[in-house]
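Down below is the structure, laid out as structure tokens.
The values are calculated or read from the model by the stated rules, or taken from the named source; none is laboratory data. Note that the structure is predicted; figures quoted are calculated from it, not measured. Every residue, glycine as well, gets a Cβ built from its backbone with ideal geometry; the counts of neighbours run over all protein chains shown.
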């Protein structure tokens with residue numbers, strides 16, 4: 001009988017301990033918080049995710065590696081010459097476009113000619129302008145419209 005009482009006390013004590021442990025644990029809602037900013041996550045995670053993806057990317061674009069190989073073979077003098085040519089062409093384009101704008105920044109209908117191009121600005125009504133650029137050497141032309 002004593003054996004039964006001790007066993008019953010142990011079972012009661014175990015049951016009480018389990019009940020107290022269960023009473024202390026409370027369930028809460030599970031809330032999904034996305035990490036990727038494309039799916040509503042914190043925008044600050046974007047660069048970290050991109051860097052992780054790029055570091056795991058083992059594939060190389062053959063066109064990119066060939067293009068980079070061509071750049072690395074250029075001497076500093078050739079690179080400087082290319083940069084100088086781009087700078088001069090940029091200034092020439094700005095100079096040519098300067099004749100197309102008023103002091104307030106509005107495009108003025110008219111024509112501007114360089115040694116190789118003819119740029120014509122035509123007012124087509126409704127506050128829209130048509131800009132046509134013609135290559136004098138080949139005769140090819142490009143046309144686009146802008147609104148003022």
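Odds and ends about this structure:
- Residue 94 fulfils the conditions (1) modelled with pLDDT of 80 or more; (2) assigned to a helix (DSSP H, G or I) except for a single criterion, (1).
- Look at the stretch 31-42: where a residue is part of a helix (DSSP H, G or I) and a partner is loosely packed, with under 10 Cβ neighbours inside 10 Å, sitting 6+ places away or on another chain with Cβ atoms under 7 Å, you get 37/43.
- Qualifying strands (runs of 3 or more DSSP E) (wholly inside the stretch 101-141; at least 2 residues being at pLDDT 80 or above, touching a helix residue (DSSP H, G or I) at 6+ places or on another chain (Cβ under 8 Å) and surrounded by 12 or more Cβ atoms within 10 Å (Cβ to Cβ)): 117-125
- Checking each residue in the stretch 59-82 for being assigned to a helix (DSSP H, G or I) and at pLDDT 75 or above picks out 76, 77, 78, 79, 80, 81, 82.
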